[in-house]
Amino acid sequence: MNKTIKVAYFLQRFPAITQTFIAREADWVRKHDVEITIFSLLPQTDKVVHSQSKRLMPFVVQSPYISLAIIRAHLFFLRTVPKRYAYSLGKLIRQNYREPLTLLKGLGLFPKVVYFAYLLKEGGFDHIHTHFIYIGAIAAAVASDLTGIEFSVRPHAFGLFQRDQKCVREALGSADKIITISTYHKEYIIDLCSTLKKEQLHVVYCGLETDLISPRPATSPSSTPQILSIGRAIEKKGHEYLIEACALLAQRDIDFHCQIVVGQDDAARRLQKLIDEFNCRDYITLVGDKSQEEIVSLYNQCTVFALACVIARDGDRDGIPSVLIEAMACEVPVVTTRVAGIPDLVENEVNGLLVEERNASEMADGLERLIKDEQLRSRFGEQARKTVIEKFDILSVTKQLADIFRAS
């Protein structure tokens with residue numbers, strides 16, 4: 001048995017429906033003698049909360065922006081470690097001044113972050129962990145500077161690729177450990193931060209409960225082949241290219257229906273307008289937010305899963321989308337693109353099909369091929385689940401995380 005360690009998760013907002021992978025990680029890492037507390041910097045806004053997030057709510061700490069307890073925490077650090085207090089505030093400003101809005105957010109949260117740091121010190125925490133090179137990482141760095149507790153960061157697309165790269169370089173440089181989600185991310189970080197030591201960088205995939213998210217008989221079988229895609233209506237998901245690919249399939253008289261789970265907002269309405277322009281309303285349906293249980297049911301009813309990821313004009317891109325891992329765990333054959341970390345998961349012609357980004361014709365060809373070839377779907381599906389079990393099983397990857405935390 002390992003000695004139980006206490007780990008603080010600093011998250012910008014918890015729970016968040018678009019970040020189920022974080023809830024999954026936090027829930028399962030507890031099975032490796034890790035006692036976690038989630039410090040949520042901002043309040044919950046989503047109406048739909050997955051069951052996994054609900055289980056973690058007893059471990060969530062929130063705080064107002066100012067209170068008597070917060071004032072006392074500031075006075076404590078000013079009295080006991082005034083140089084550390086000044087250094088942490090100065091570093092926050094120095095690392096983020098190139099992005100005024102980010103700096104304002106960091107300064108606005110600074111009072112409660114100092115209070116959270118006080119709770120860490122009083123609670124005897126061993127490690128601080130955060131996701132995204134953004135608000136969570138800023139807060140984790142402040143808490144680490146004030147307490148001397150090591151912190152790790154798990155970079156994802158927005159903070160790593162879209163922010164000012166000098167800000168990103170400095171933020172990464174202040175972390176004790178960087179846990180990337182793919183070899184693509186690791187290589188990108190090495191190129192960006194040449195001063196990082198090899199032992200600071202780790203590749204740990206986002207894990208999945210392969211026993212819970214698994215192939216099951218479809219609840220309502222359909223004779224019409226079903227294409228499924230899931231992702232917010234944002235550029236990097238490439239939905240417009242999937243819609244165009246579906247228009248091409250319709251022109252080829254392919255029998256199919258495509259369902260895209262995108263939520264409901266102005267961006268989703270713009271996608272609906274594009275569907276109408278392609279005259280594909282009978283072929284494509286946009287769907288609002290779904291619970292995790294509903295999502296798993298959709299995987300098990302679809303014929304093919306498609307995700308047309310692209311590198312957005314502002315540099316944003318996916319890492320290894322969790323929906324791809326989930327679909328493959330359900331033995332659903334996938335068609336997706338060669339963007340960022342996706343080739344770590346999908347091996348072309350072995351467990352799925354990879355096409356070039358922004359190429360609707362290639363996407364349509366891949367979809368048509370899988371729709372028409374049941375034997376190929378079966379072979380890809382079996383290999384897909386095998387890949388997920390071998391490389392992305394949640395118990396295995398959270399054991400890797402726990403070992404990294406424990407080595408602090």
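The values are calculated or read from the model by the stated rules, or taken from the named source; none is laboratory data. Computed from a predicted model, the values in this text were never measured in an experiment. All Cβ positions, glycine included, derive from the backbone under ideal geometry; neighbour counts span all protein chains shown.
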Next on the checklist: I'm checking my understanding of the structure. Among residues of region 27-59 that are modelled with pLDDT of 95 or more and of a type in the set (V, I, T), which one is farthest from A8 (Cα to Cα)?
Outcome noted: V29
Checklist entry - Does at least one position in region 172-179 carry a residue that is within 24 Å of K386 (Cα to Cα), out of contact with any Lys or Arg (no Cβ under 6 Å at 6 or more places or on another chain) and not in a loop (DSSP other than H, G, I, E, B)? => result no
Checklist entry - If you take just the helices (runs of 4 or more DSSP H) that sit entirely in region 1-84, which of them hold at least 2 residues that are more than 26 Å from F392 (Cβ to Cβ)? => result 68-80
Checklist entry - Do we find that G106 is out of contact with any helix residue (DSSP H, G or I) (no Cβ under 8 Å at 6 or more places or on another chain) and either outside the structural domain of E235 (by TED's automatic domain parsing) or hydrophobic (A, V, I, L, M, F, W, C) (or both) in this structure? => result no
Next on the checklist: If A267 meets every condition in (1) closer than 15 Å to G238 by Cβ; (2) crowded, with 19+ Cβ neighbours inside 10 Å apart from one, which number is that one?
Outcome noted: (2)
Next on the checklist: Need pairs with beta-carbon distance below 7 Å; first residue over 17 Å from E240 (Cβ atoms) and within region 353-368, second of a type outside the set (D, E, K, R) and part of a loop (DSSP other than H, G, I, E, B); sequence gap 6+ or separate chains.
Outcome noted: L354/V346; E368/I254
Item to check | Long-range neighbours under 8 Å by Cβ, at least six apart or interchain, first residue in the same structural domain as E235 (by TED's automatic domain parsing) within region 318-330, second crowded, with 24+ Cβ neighbours inside 10 Å and among the charged types (D, E, K, R) | outcome: D318/K236; D318/K237
Checklist entry - Can A340 be described as among the aliphatic types (A, V, I, L, M) and not assigned by TED's automatic domain parsing to the domain that holds I149? => result yes
Checklist entry - Restricting to region 70-98, what's the tally of residues that are in contact with a helix residue (DSSP H, G or I) (Cβ under 6 Å, 6 or more places away or on another chain), surrounded by fewer than 17 Cβ atoms within 10 Å (Cβ to Cβ) and of a type in the set (A, V, I, L, M, F, W, C)? => result 1
Checklist entry - Does any residue of region 378-398 turn out to be in a loop (DSSP other than H, G, I, E, B) and modelled with pLDDT of 95 or more? => result no
Next on the checklist: Among the residues of region 308-337, what is the count of those that are touching a Lys or Arg at 6+ places or on another chain (Cβ under 8 Å) and of a type in the set (D, E)?
Outcome noted: 3
Checklist entry - Would you call P333 crowded, with 24+ Cβ neighbours inside 10 Å and at pLDDT below 95? => result no
Item to check | Count - residues of region 309-339 that are part of a loop (DSSP other than H, G, I, E, B) and within 17 Å of the chain's Cα centre (by Cα) | outcome: 12
Next on the checklist: The conditions are (1) crowded, with 21+ Cβ neighbours inside 10 Å; (2) closer than 30 Å to V323 by Cβ; (3) modelled with pLDDT of 95 or more, and F116 fails exactly one of them. Which is it?
Outcome noted: (2)
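This table checks each residue for (1) of a type in the set (A, V, I, L, M); (2) assigned by TED's automatic domain parsing to the domain that holds Q292; (3) touching a residue at least 60 places away in the same chain (Cβ under 8 Å).
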| site | (1), (2), (3) |
| --- | --- |
| H32 | no, no, yes |
| E35 | no, no, no |
| H50 | no, no, yes |
| I71 | yes, no, no |
| F76 | no, no, no |
Checklist entry - Quick check, is G173 within 30 Å of G315 (Cα to Cα), assigned by TED's automatic domain parsing to the domain that holds I149, among the small types (G, A, S) and touching a Ser or Thr at 6+ places or on another chain (Cβ under 8 Å)? => result yes
